[in-house]
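Have a look at the structure below before the remarks.
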Amino acid sequence: MSVPLPTSHTAVTVPEVMAALKYSRSKVYDLLRSGALPSYTEGRARRIPLDSLHTYMRNKLEEAV
């Protein structure tokens with residue numbers, strides 16, 4: 001079952017990115033470490049701006065063409 005991304009948020013969590021992209025936790029953290037998916041931390045919580053996620057998806061679609 002697909003979990004939609006929240007529309008009222010400006011940033012999402014790692015589990016939300018995992019659900020949206022159907023990626024494993026390690027794959028998402030690989031993207032974060034490489035800088036392919038920019039993020040920030042607030043305390044111990046990692047957040048990914050929705051704009052970053054949309055840019056990543058748009059880039060992947062352009063690569064596929």
Legend entry - Cα-based shape type of the chain, given that a ≥ b ≥ c are square roots of the gyration tensor eigenvalues and the cut on a/c is 1.5: rounded
Inset, instruction - Can you send over the carbon and sulfur percentage of the accessible area for the chain, probe radius 1.4 Å, protein chains only? - result: 54
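The values are calculated or read from the model by the stated rules, or taken from the named source; none is laboratory data. Here the structure is a predicted model, which means the values were calculated and not measured. Protein only, heavy atoms only, side chains kept; ligands, DNA and RNA dropped before computing areas. Shrake-Rupley method; radii C 1.70, N 1.55, O 1.52, S 1.80 Å.
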